[in-house]
Amino acid sequence: MHRAVIGFEQDEQSHWVAKLECGHGIHVRHDPPWTVREWVTTEQGRAGRIGTSMDCKRCDEL
C-alpha cells in the first residue's frame with residue numbers, strides 16, 4: 001500500500017529511515033552496488049522526497 005513520506009530519522013546504527021503517514025518506517029540505505037540512493041546522503045535530497053509515496057509492506061500485511 002502506498003503511503004506518503006512525512007519525514008526522516010536515523011536508527012541506532014545511523015541508517016536513514018523514511019517515516020510514513022501510516023506511522024511505519026522504511027529503511028532507505030545508500031549501499032552501492034546493491035542499493036543506490038545517493039539522495040538519502042544529503043539533507044536536500046531527503047527533503048526532496050517529503051510528500052512522495054513509498055510502498056509500505058507492513059500496511060499490506062495488516
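Since every read-out is calculated from the coordinates, none of them should be taken as a lab result. Here the structure is a predicted model, which is why all the values come from computation and not from measurement. Cβ sites come from the backbone with ideal geometry, for glycine too, and all protein chains shown count toward neighbours.
Unpaired Cys in the chain, meaning no second Cys C-beta under 4.7 Å: CYS22.
Residue by residue, segment 42-48 carries 3J(HN,Hα) couplings of 10, 4, 5, x, 5, 4, x Hz when phi is fed to the Karplus relation 6.51 cos²θ - 1.76 cosθ + 1.60 (θ = phi - 60°); x denotes Gly or Pro.
In this structure the amide hydrogen of ARG37, modeled in the peptide plane, comes within under 5 Å of the amide hydrogens of ASP31, none closer than 5 places in sequence on its chain. Net charge dipole, the chain: roughly 140 debye, given to the nearest 20, about the Cα centre with Cβ charges of +1 for Lys and Arg and -1 for Asp and Glu.
Computed 3J(HN,Hα) for segment 17-30, one whole-Hz value per residue from the Karplus formula 6.51 cos²θ - 1.76 cosθ + 1.60 where θ = phi - 60°, is 10, 7, 8, 9, 4, 7, x, 7, x, 10, 5, 10, 7, 9, glycine and proline marked x. Distance in nm between label sites at GLN13 and ASP31, each 7 Å beyond Cα in the beta-carbon direction? Inter-label distance under the simple model: 0.6 nm. Which of ARG29, ARG46, ARG37 moves most in a GNM of the chain, Cα contacts under 10 Å? Of the options given, ARG37 has the highest mean-square fluctuation.
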